[in-house]
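Working notes for the structure below.
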Amino acid sequence: MTTGGIWTFIRALLTDPSRVSAIAPSGAALARLITSEISATTGSVLELGPGTGVFTDALLKRGVSPNNLTLIEYGTEFARLLQARFPGLRILQMDACQLGMHDLFEAEPAGAVVSGLPFLSMPPENVAAILGGAFGNLRSDGAFYQFTYGLRCPVPKAVLEQLELEATCIGRAFRNLPPAAVYRITRRGAEADRLVEYSL
């Protein structure tokens, strides 16, 4: 990570700790894990709360075309950093809770969403709004990838049931500070279809 990225993170943490909700930027191990199921064949990818761009960089290294990557960043300081670090990428400065009000992909919905948002520090209604909006911009077989520092899925069970979603832990990044787990969230039934495809 660049020195500018570290200082931007520190300033944001000191200014609004509840929005950052982390003691350090996500590391390379977590970035590799949360992007491990995404490739150039995934199609369009939506990233929520990219912050300093650690996941963004990993997505590009996984083969995602810059033309297929859309970043949603609420913080002005992070949006400026991302624009400088990734010139030409589509970066939208907006609240992820408003995703349901926008059709972000005209040709074809996204194949994946990667989220760096602090779900554990958000009220359930905000989590539901973000997930509902994200899945409104996802293909039927698309997946939402969310990391957490907690011991279980950061999406409340009631929210998963309300939106007819299911969550599966795909791994843990013990070399991250602090250690984190990544969950793949899909529409109910899509997980079984995914497993059948993998077995072919």
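The values are calculated or read from the model by the stated rules, or taken from the named source; none is laboratory data. Small disclaimer: the values here were computed from a predicted structure and weren't measured. Every residue, glycine among them, receives a Cβ derived from its backbone with ideal geometry; neighbour counts consider all protein chains shown. Note: areas computed on protein heavy atoms with side chains; ligands, DNA, RNA excluded. Shrake-Rupley method; radii C 1.70, N 1.55, O 1.52, S 1.80 Å.
Tell me, in nm to one decimal, what length is gained between LEU120 and GLN162 on full extension, where the rule is 0.36 nm per residue of separation less the Cα-Cα distance?
Gain on extension, LEU120 to GLN162, equals 13.3 nm.
Averaging sequence separations of C-alpha pairs under 8 Å and six or more residues apart, then dividing by the length of region 84-159, give the relative contact order as a whole percent.
39 percent
Using each residue's phi in region 59-71, evaluate 6.51 cos²θ - 1.76 cosθ + 1.60 at θ = phi - 60° and report the 3J(HN,Hα) Karplus result to the nearest Hz, with x for Gly and Pro.
Residue by residue, region 59-71 yields 5, 5, 5, 7, x, 5, 5, x, 5, 9, 10, 10, 10 Hz.
Just the number please: accessible area per residue for region 72-117, 1.4 Å probe, all protein chains included, in Å².
For region 72-117, the solvent-accessible area averages 53 Å² per residue.
Suppose R0 equals 35 Å; then what is the FRET efficiency for ALA107 and ALA84 from their Cβ-Cβ distance, rounded to the nearest 0.05?
Once the sixth-power term is evaluated, E becomes 0.80.
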